Amino acid sequence: MKFATILQYLNKNPATIIKYFDVRLFVRDNKKWILFVSVCVLIQLYTIVIFPIQSNKYQFNEKTDQKLLDGCRYVYIDMGTNIGIQIRKLYEPQLYANAPVLPLFKEIFGNYSNEVCSVGFEANPLHDSYLKEFQTYCLKRGWRVKIFTSTAVSIKDGNVTFHTEPGNEQNNQWGASLVARPNTANITVPSIDVLSWLKSTVLDRKLSPGFLPPRIMMKSDIEGHDSMVLANLILSGLYCSIDLIYGEHLSPQFQDSVSLFQQYSESCKTKLISMDDESYHTARFSFIIQNSTY
């Protein structure tokens, strides 16, 4: 129903307004007053119903001036996403019963997981094809997901040496790393300055309408660069903008240092949790959309 049609209906049927909004007209036949109340009601309906729906129309489109995460109140950043399983746990927790990360998602995002915008980074080109398929599936389901494939997380833009793990495809080469190890193969991949990216894309994003506080959650599984990246997040002043960070490669010394740092801060409430959720790490559930296999 068009705006003009609704306005015309309410103007001819003031009883509708009185019934649902308990409006007491000072002069029953005062059409200007009725029109005024009608406009107020329509503005309220637009604010509560229509505008939030329109805010969900933001899409990941790099060809526009819109920033990647504009319109996102809730953001999940998956550094070292492998084949995107942690991201999928966020949107389809029913597939991953008892996964350790699920309570953390609930703590940060509550019941709004479908409204979370997720960004993943993965350096291993082995996963490019699957991750692109997964991203397409998520977008078709209405979940805003962007995955930077063949991209290593670092503190500067450039190129880095990445060590793949040939022969361990059954575990999705989960031992691939930025640190040299025996029986690995060396390749060169681009790296991203995640500090600059976090500031310009995440912290400076335009929020969707709403009264609930924005939330940011991050996973750090960038073997060999975790402590370096997180330390620079602290020194740059960006660390405390993130509500919760969890990861596997966090030494006790690093965790103790962060804890000491936060003891002297009244404002930094960031939670740092050492956790390695490798549950379902080989699971590749079908991409199903509305009773059809994608």
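Please treat every number below as a calculation from the coordinates, not as lab data. The shown structure was predicted, so the numbers you read here are calculated from the model rather than taken from an experiment. FYI the Cβ positions are ideal-geometry reconstructions off the backbone, even for glycines, and counts take in every protein chain you see.
Please arrange F287, F162 by how many other C-beta atoms lie within 10 Å of their C-beta, fewest to most.
Ranking F287, F162 by Cβ neighbours within 10 Å, fewest first, gives F287, F162.
Summing +1 for each Lys or Arg and -1 for each Asp or Glu, what net charge is found among the other residues whose Cβ lies under 12 Å from the Cβ of R141?
Numbers: positive: R88, K140, R144; negative: E92.
My count for the surroundings of R141 gives +2.
Alpha carbon centre of the range 158-223 versus the range 255-294: separation in Å?
13 Å
Tell me, in nm to one decimal, what length is gained between N186 and L207 on full extension, where the rule is 0.36 nm per residue of separation less the Cα-Cα distance? It would help to have the intermediate numbers written out before the result.
On the way: separation 21, 0.36 × 21 = 7.56 nm, distance 4.07 nm.
In short, 3.5 nm is gained.
In the range 190-294, if the dipole is taken from +1 on Lys/Arg beta carbons and -1 on Asp/Glu beta carbons about the Cα centre, which of L272, S259, G237 is farthest to the positive end?
Positive-end residue among those listed: G237.
Given just the C-alpha atoms of the range 74-293, how large is their convex hull per residue in cubic angstrom? Numbers along the way, then the final one.
Values: hull volume 28.5 nm³, N = 220.
Hull volume normalised by residue count: 130 Å³.
Given a cut-off of 29 Å, name the pairs among K140/K271; K199/K269; K89/K132; K146/K269; K106/K146 whose C-alpha atoms lie farther apart than that in the structure shown.
As for pairs spanning more than 29 Å Cα to Cα, those are K140/K271.
Tell me which residues come under 5 Å, amide H to amide H, from R73 once H is placed; ignore anything under 5 positions away on its chain.
Amide H to amide H, under 5 Å and 5 or more residues apart or across chains, R73 pairs with S208.
Ranking F134, F261, F105 by Cβ neighbours within 10 Å, fewest first, what do you get? Don't skip to the end; give the middle numbers.
Values: F134 23, F261 13, F105 20.
Fewest-to-most Cβ neighbours within 10 Å comes out as F261, F105, F134.
Efficiency by 1/(1 + (r/R0)^6): what FRET value for M228 and N114, r their Cβ-Cβ distance, R0 = 35 Å, to the nearest 0.05? Don't skip to the answer; put the middle values down first.
Working: r = 34 Å, r/R0 = 0.97.
After rounding to 0.05, the efficiency reads 0.55.
T161 versus D276, label points 7 Å from Cα toward the beta carbon: distance in nm?
With each label placed 7 Å out from Cα toward Cβ, I get 2.5 nm.
Compute the projected area of the convex hull of the Cα atoms of the range 162-260, averaged over all viewing directions, and report it in nm² to one decimal place.
Result: 8.8 nm².
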